[in-house]
Amino acid sequence: MKPAMALRETLRRRLLERREKGLYRELRTLAASPTPLAEVDGEPLVTFSSNDYLGLATHPEVIAAQQTGAALGAGATASHLVNGHLHIHTALQEKIARLTGREAALVFSSGYIANVGTICALVARGDSVISDKLNHASLIDGARLCRANSLRFAHNDLSALERRLQRATASVGNTLVAVDGVYSMDGDCAPVAEIAQLCRAYGAWLMVDEAHGFGVLGSQSLPSAGSASRAGLCQDAVPVLMGTLGKAAGNAGAFVAGSRELIDYLVQFARPYIYTTGMPPAVAAGSLAALTVMEREPQRRRRLHSNIHYCRTRAQSLQLPLSPSGTAIQPLLLGCEREVLSVAAGLRAQGFLVGAIRPPTVPAGTARLRITLSASHSEGQIDALLQAVRALLPGSRTGESGAP
């Protein structure tokens, strides 16, 4: 058999295996960003699958800023270190640093690149990186690629983390602990205050991924900084803070914030930053405008948290077994991949788009509907979704109750 045919046959076989297991993924085409109303593959749906937590992706001020930013050039034309760094990038980084309470910040083209690039720059062979088992794929891949000794601990298990710290710090290298602030598939938060205390005790560096916390969680003084800020942790306690601009900010790209030395170091040693074309100036301008609106309109955060409370209260009254989560991510674990697909299809037939999350994104046996809430949702839309979910679930599940 010719090599090209052998390749195609191998690909066909693997794709067929994925279909047979109920794990095949399909792209959906939206006519525009959801508001949360959207036209999906030609049909009108209410979306509960977007990470646009504050509704900024369709904010007219953000869109106008992005259009104006395009006048600076359709693209950055080169990597940041060659000639792709514009004044709009500097302004965005300064804004991020202020909103997160850090000395400086650095923008990346995506969250995946930010995490992989940062981990690989900070630790290498002879060092150790310790990760929560439910970390985002980008943190997991960064730990694999950096060539450091990679250790994992059971989700949010502080005793297991301490055992890993004892093992890692027995060697001569540096130790980095990397966790999500908010876990993207479960919606729960890491016990970052306790983790920071352990890192301090064992001399480890702490990196917190605030992809789902930035913009929606924070403290009174830093209301958008994320879960670490909400826990009262400053730059010294969390020296490496990562966040994205494609979720609560409704745009694209990501950032790492920390000390000036950290940012200078990443500019020198983070290969995905060094060898990637800079963020398009339009994206930087749109992100900057989104952060301005985020800061100016705290009622968007309040509306989101009101929707979270309403969703959980109504779900409990309907005896829907939502997982414990106080964030915009509200998972409904069903376990069986085919059941999740069936319920998601039933919801779509009734006008709702909800993510059907299956392995390998989540562990085997934990397939789920991933309901994501936005400040833009109305209580009526949330109520209609939950009523539809209840009607579609097998009777044995509607008798279970989930803790709010």
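What follows is calculated from the coordinates using simple rules that are stated; it is not laboratory data. Remember, predicted model here, so these are calculated numbers, not experimental data. All Cβ positions, glycine included, derive from the backbone under ideal geometry; neighbour counts span all protein chains shown.
Antiparallel versus total DSSP beta bridges in the chain: what percent is that, nearest 5?
Close to 60 percent.
Principal axis analysis of the Cα atoms in region 41-196 yields extents of 54, 44, 32 Å, listed in decreasing size.
Spherically averaged projected area of the convex hull of Cα atoms, region 60-296: 11.7 nm².
Gyration tensor analysis over the Cα atoms of region 230-317 returns equivalent ellipsoid semi-axes of 31, 18, 13 Å (largest first, whole Å).
The phi torsions of region 102-116, fed into the Karplus equation with coefficients 6.51, -1.76 and 1.60 and a -60° offset, translate into couplings of 10, 6, 7, 8, 9, 8, 10, 6, 7, x, 4, 5, 4, 5, 4 Hz, rounded to whole numbers, with Gly and Pro shown as x.
Packing order of peptides 201-212, 291-302, highest average first: 201-212, 291-302 (average count of other Cβ atoms within 10 Å over each peptide's residues). Rounded to the nearest 500, the 222 nm mean residue ellipticity of the chain from helices alone is -13000 deg cm²/dmol, with -39,500 (n - 2.57) taken per DSSP H run of at least 4 residues.
At a Cα cut-off below 26 Å, give the lysines reachable from Lys133, other chains included and same-chain residues fewer than 8 away excluded. Partners found: Lys21, Lys247.
Dipole magnitude of region 60-296 about its Cα centre, charges +1 at Lys/Arg Cβ and -1 at Asp/Glu Cβ only, in debye to the nearest 20?
Dipole of region 60-296, to the nearest 20 debye: 380 debye.
Given the choices (i) 137; (ii) 124; (iii) 164, volume of the Cα convex hull per residue in Å³ derived from the coordinates of this structure is entry (iii). As a rough guide to protection, the peptides 342-349, 274-281 ranked by mean Cβ packing within 10 Å, highest first, stand as 274-281, 342-349. Ranked by how many other Cβ atoms sit within 10 Å of their own Cβ, fewest first, the residues Ser221, Ser374, Ser138, Ser287 fall in the order Ser221, Ser138, Ser374, Ser287. Sorted fewest first by neighbouring Cβ atoms within 10 angstrom, Arg260, Arg303 come out as Arg260, Arg303.
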